[in-house]
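The values are calculated or read from the model by the stated rules, or taken from the named source; none is laboratory data. Keep in mind it's a predicted model, so treat the numbers as computed, not measured. Ideal geometry is used to build each Cβ from the backbone, glycine not excepted, and the neighbour counts take in all protein chains shown. Ligands, DNA and RNA are stripped out before the accessible areas are found, and what is left, the full protein with its side chains, is counted by its heavy atoms. Shrake-Rupley method; radii C 1.70, N 1.55, O 1.52, S 1.80 Å.
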Amino acid sequence: MADTVPILRIEHMTKSYGEKVVLKDASLSINKGELKVLIGPSGGGKSTLLQCINFLIKPDRGRIWLDGTEIIRAKGKELYAYRQKVGMIFQDFNLFDHLTALHNVQIGLVRVKGMQAKAAKERAIHELDRVGLRNHMHQYPAELSGGQKQRVSIARALAMDPEIMLLDEPTSALDPELISEVLDAIRALRSSGMTMIMSTHQIGFAGEVADELIFLEKGLIVETGPPAKILYDAEYPRTREFCSKITELYANSSS
Amino acid sequence: MTESLIVLYGALPYLLRGSLVTIAVVAGAMMLGLVFGIHLAVGQVYGGRWLRRVIGLYVWFFRGVPLLVLLFLFYFGLCSLLQINLSAFTVSVIVLGLISSAYQSQIFRGAIMSLPQGQLKAARALGMSDRKAIALIILPQALRLSIPGWSNEYSIVLKDSAVAYALGVMEMMARAHFVASRTYEHLPLYFAAGFLFMILTYLGTKGLRILEEKVRIPGYSA
Amino acid sequence: MNELFFLQPDIISALTRGLWVSVQLIIPSSLFGVIIGVTVGALRVYGNTAIRAAGDAFVLVFRGFPLVVQLFIWYFGLPHIGIYLTPFAASVLGFSLCSGAYQSEYVRGAFLSVKTGQTMAARALGFSGIKTILFVTLPQAFRRALPGCGNEIIYLIKYSSLAYMITCIELTGEGKIIASDNFRFTETFMVIGAIYLLLTSVAAWVIRRLEGRLYIPGFEQYS
């Protein structure tokens with residue numbers, strides 16, 4: 001891969017709710033253009049890890065560097081600036097329900113980046129075009145299919161020019177026939193060189209596109225490695241067990 | 001019978017001018033209640049423990065004390081105690097507005113809490129401050145959902161505004177009673193006033209229904 | 001002496017007298033209100049077309065007219081057709097009818113919210129129409145109507161102060177007299193307000209307790 005300085009590095013990320021530890025001392029780093037995929041059972045901490053990275057969940061402990069600069073005060077302007085550089089895709093899309101597709105993409109540009117409305121509109125249309133939804137730009141979220149909603153949310157994140165994107169089970173809330181259109185959009189992102197960390201149960205897709213798989217269970221990063229190793233030759237029995245189960249389960253459904 | 005009608009016909013312009021006073025009192029109170037109510041609701045949902053507690057007390061107080069008592073307290077009591085000279089009209093607007101803000105805050109609070117959590121998360125993830133997220137994402141949705149409740153609140157404030165008569169505000173009820181005690185045609189005049197209130201209720205709620213339809217988001221239901 | 005103003009025997013006895021009148025206004029009015037509400041509410045659901053229309057008209061007028069207007073009609077208006085009511089009687093009449101109209105809305109909504117499958121099941125077991133309403137519909141509707149009807153009673157406590165406007169001297173009226181006689185408006189109305197606050201809070205607490213007592217797991221309170 002291109003750079004030696006990782007674009008994002010996190011160390012010793014820990015989060016617990018009362019007694020229950022949901023993330024234990026997680027560390028990872030990712031270089032520009034890489035795609036790392038978090039796998040593991042539901043409730044294993046994948047979503048918590050991703051949301052800790054952009055401070056939607058405040059970690060109890062842990063350090064984060066973006067582009068070699070540590071995010072020290074995760075508050076106010078510094079936090080807002082950081083979040084602009086870290087795009088996020090949610091499992092249940094979270095499009096703003098009162099705004100059209102176009103305005104969903106535009107609002108961050110105008111209200112967060114301070115762009116002129118006209119330039120922002122052009123940019124928004126361009127991003128919607130990229131995900132193939134130019135013709136749907138005047139529709140409201142409730143008028144779009146799940147796959148279309150997720151593509152709008154990808155456009156919304158991309159419009160902010162993020163340096164890295166976090167994708168939290170982007171296809172889990174979709175009907176099976178709508179999954180592939182979102183996976184295609186992610187593939188296109190990948191080939192355009194976007195850096196991404198993604199959690200998913202689509203193990204086939206993960207094996208195909210990921211540079212590295214990260215197996216998380218009970219809040220702990222159990223094992224990390226290239227897809228071939230994790231999927232077929234994992235070191236730890238728990239990883240092997242999970243991977244064999246999930247490949248069996250998704251063998252027929254994933255294309 | 002004819003005599004009553006003649007009196008009524010003569011008094012109607014006078015009553016209708018009173019309806020303008022009623023409308024002014026209600027409009028002022030509803031607007032004050034709207035501005036305060038939104039802030040109270042936001043504070044109650046997103047504020048810290050102490051802020052929430054203070055707002056809770058405010059709501060409890062203004063929902064628990066009768067309008068008439070508050071009108072007397074503010075007009076005869078606080079105004080002279082604090083040496084401020086406010087007209088009965090102004091005091092009525094303020095008191096009705098403060099009470100309404102307590103009720104409106106609960107309408108807005110319910111609407112805000114009915115929105116999915118993800119809306120705020122997505123706004124934050126884009127780099128919005130909480131203030132921006134609430135103003136641009138949460139409130140536009142919550143206020144739309146609040147229109148039916150707001151319409152109900154309007155019809156209550158409208159009817160309550162008749163109590164301002166107790167301070168001598170010359171709104172519809174006061175005028176009806178004034179003419180009634182001169183002409184001795186109580187029943188026709190009270191019924192006329194009552195029906196005028198019903199017409200104002202109808203017009204207001206109808207207008208709000210049109211507004212609700214106008215700002216409705218296609219396909220959206222929460 | 002200043003601080004002890006509200007401890008003077010005549011002040012205390014005036015406030016107690018006022019409070020007692022208020023309570024005498026509130027309790028019968030809320031009882032009549034509930035009775036009217038349940039009757040009108042049930043008639044508006046189960047009555048024939050004419051009865052339903054009459055019920056709707058009743059509710060339209062008594063919810064549409066401000067309560068002050070209604071009180072004035074009963075007290076200043078009725079003498080014109082030869083009916084003379086005391087301020088107290090006019091107040092109870094006005095409160096009961098107005099409250100009943102509002103109550104009937106909650107009762108009607110509650111009856112309508114009981115699923116048709118429930119009455120069908122009762123009929124299938126051989127319940128008569130009346131028995132179905134009594135043993136199946138009513139217990140469910142009652143629970144659904146309770147929060148709204150309870151709120152209405154709290155409103156009634158507050159609105160009972162309007163009796164003062166037709167010269168029925170209850171708590172607010174006694175307060176007004178004390179305040180004017182002694183030029184102590186702020187303190188007096190603070191005390192009066194606090195008494196109402198106590199009444200409404202106790203009522204709210206009782207209603208919440210009652211709701212808790214009648215709670216059925218999984219039964220939706222609000223539909």
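List of remarks:
- Helical segments meeting 15 Å axial Cα length and Kyte-Doolittle -0.5 threshold in chain B (DSSP H): B:2-46, B:49-64, B:88-114, B:139-160, B:172-183, B:186-214
- Which of C:TYR102, C:ALA90, C:LEU7, positive extreme of dipole for chain C (C-beta unit charges): C:TYR102
- Which of C:SER180, C:LEU146, C:SER161, positive extreme of dipole for the stretch C:132-223 (C-beta unit charges): C:LEU146
- With both residues required to sit in the protein assembly as shown, DSSP beta bridges show an antiparallel share near 55%.
- Under a model in which nothing but the beta-carbon of Lys, Arg (+1) and Asp, Glu (-1) is charged, the protein assembly as shown shows a dipole of about 340 debye around its Cα centre.
- Once the 1.4 Å probe is applied to the protein heavy atoms, the stretch C:114-223 comes out at 52 Å² accessible per residue.
- Estimated FRET transfer efficiency when R0 is 51 angstrom, pair B:GLU212-A:THR4 (beta carbons, to 0.05): 0.30
- When only the Cβ of Lys, Arg, Asp and Glu is charged (+1, +1, -1, -1), the dipole of chain C relative to its Cα centre reaches about 1020 debye.
- Tensor-based shape of chain A (alpha-carbon gyration tensor, a/c under 1.5 rounded, otherwise prolate or oblate): oblate
- Restriction of the GluC sites (Glu not before Pro) in the stretch C:131-220 to DSSP coil positions whose beta-carbon has at most 16 other beta-carbons within 10 angstrom yields C:GLU220.
- Debye equation applied to the C-alpha atoms of chain B, log10 I(q)/I(0) at 0.09, 0.10, 0.15, 0.18 Å⁻¹: -0.46, -0.56, -1.01, -1.25
- When chain B is treated as a GNM with alpha-carbon contacts under 10 Å, the residue of B:LEU143, B:LEU15, B:LEU115 showing the greatest mean-square fluctuation is B:LEU115.
- Between 0 and 90°, nearest 10: helix A:237-250 axis offset from chain A longest Cα axis: 50
- In this assembly, the A-B interface accounts for approximately 2000 Å² of buried accessible surface in total, computed with a 1.4 Å probe and without ligands, DNA or RNA.
- For chain A, the 222 nm mean residue ellipticity estimated from helices alone, with every DSSP H stretch of n ≥ 4 adding -39500 (n - 2.57) and the total spread over all residues, rounds to -12000 deg cm²/dmol.
- Heavy-atom accessible area, 1.4 Å probe, ligands and nucleic acids excluded: residues of the stretch B:54-73 down by at least 30 Å² from chain alone: B:TRP60, B:GLY64, B:VAL65, B:PRO66, B:LEU68, B:VAL69, B:PHE72, B:LEU73
- For A:ASP97, net neighbour charge (Lys/Arg +1, Asp/Glu -1) across residues whose Cβ lies under 14 Å away: +3
- Heavy-atom surface of the stretch B:29-184, accessible at 1.4 Å and reported per residue (Å²): 40
- Stokes-Einstein translational diffusion, the stretch A:51-196 - Kirkwood Rh over all Cα pairs, 1.567 mPa s, 4 °C, in µm²/s: 82
- Beta bridges per DSSP with both ends in chain A, % antiparallel, nearest 5: 55
- The mean number of Cβ atoms from other chains found within 10 Å of a Cβ in peptide A:90-100 is 6, as a whole number.
- Mean residue ellipticity, 222 nm, helices only, chain B: the sum of -39500 (n - 2.57) across DSSP H runs of n ≥ 4, divided by residue count and rounded to 500, is -26000 deg cm²/dmol.
- Extension gain (nm, one decimal) between B:ARG49 and B:SER129, 0.36 nm per residue minus Cα-Cα: 26.8 nm
- Exceeding the 19 Å Cα-Cα cut-off - candidates A:LYS121/B:LYS121; A:LYS36/A:LYS229; A:LYS149/B:LYS214: A:LYS121/B:LYS121; A:LYS149/B:LYS214
- The residue list B:LEU189, B:MET30, C:VAL21 was ranked by how far each Cα lies along the charge dipole of the protein assembly as shown toward its positive end, using unit charges on Cβ atoms, and B:LEU189 comes out on top.
- Here the Debye sum runs over all C-alpha atoms of the stretch C:157-205 as equal scatterers in vacuum, and log10 of I(q)/I(0) at q = 0.24 Å⁻¹ comes out as -0.88.
- Cα gyration tensor shape of the protein assembly as shown, rounded if a/c is under 1.5, else prolate or oblate by comparing a/b with b/c: prolate
- Principal-axis analysis of the Cα atoms of chain A puts helix A:146-159 at an angle of about 80° to the longest axis.
- Per-residue ellipticity at 222 nm from helix content only, as computed over chain C with -39500 (n - 2.57) for each DSSP H run of at least four residues, stands at -25000 deg cm²/dmol.
- Protein accessible surface hidden between B and C, which excludes ligands and nucleic acids, total in Å², probe 1.4 Å: 3200
- Cα centroid separation - the stretch C:1-74 against the stretch A:52-106, whole Å: 55
- Placing pseudo-labels 7 Å out from each Cα toward the beta carbon at B:GLN117 and B:PHE195 gives an inter-label distance of 5.6 nm.
- Interface residues of the stretch A:127-164, defined as a loss of at least 10 Å² in heavy-atom accessible area between the chain alone and the complex of all protein chains with a 1.4 Å probe, are A:TYR140, A:ALA142, A:GLU143, A:ARG156, A:MET160.
- Of the residues A:SER192, A:SER27, A:SER180, the one that moves most in a GNM of chain A with alpha-carbon contacts below 10 Å is A:SER192.
- Estimated distance in nm for a label pair at A:ARG73 and C:ILE27, the labels positioned 7 Å out from Cα along Cα-to-Cβ: 6.4
- Of the residues B:THR183, B:THR205, B:THR90, the one that moves most in a GNM of chain B with alpha-carbon contacts below 10 Å is B:THR183.
- Gyration tensor verdict on the stretch C:81-223 (Cα atoms; rounded if a/c is under 1.5, prolate if a/b is larger than b/c, oblate otherwise): oblate
- Degrees separating the helix A:176-191 axis from the principal Cα axis of chain A, which is the longest one: 90
- Student exercise, chain A dipole from Lys, Arg, Asp, Glu Cβ charges, in Debye to nearest 20: 940
- Each peptide in B:74-87, B:120-133, C:35-48 was scored by the mean count of other Cβ atoms within 10 Å over its residues; highest first, the order is B:120-133, C:35-48, B:74-87.
- Distance (nanometres) between label positions extended 7 Å along Cα→Cβ at A:GLU122 and A:TYR80: 2.5
- For chain C, hydrophobic long helices are taken as DSSP H runs at least 27 Å long by C-alpha position along their axis with mean Kyte-Doolittle hydropathy of 1.0 or more; these are C:9-46.
- C-alpha center-to-center spacing [the stretch A:173-246, the stretch B:1-69] in angstrom: 58
- Here the protein assembly as shown exposes an accessible surface that is 61 percent carbon and sulfur, computed with a 1.4 Å probe and the other protein chains kept in place.
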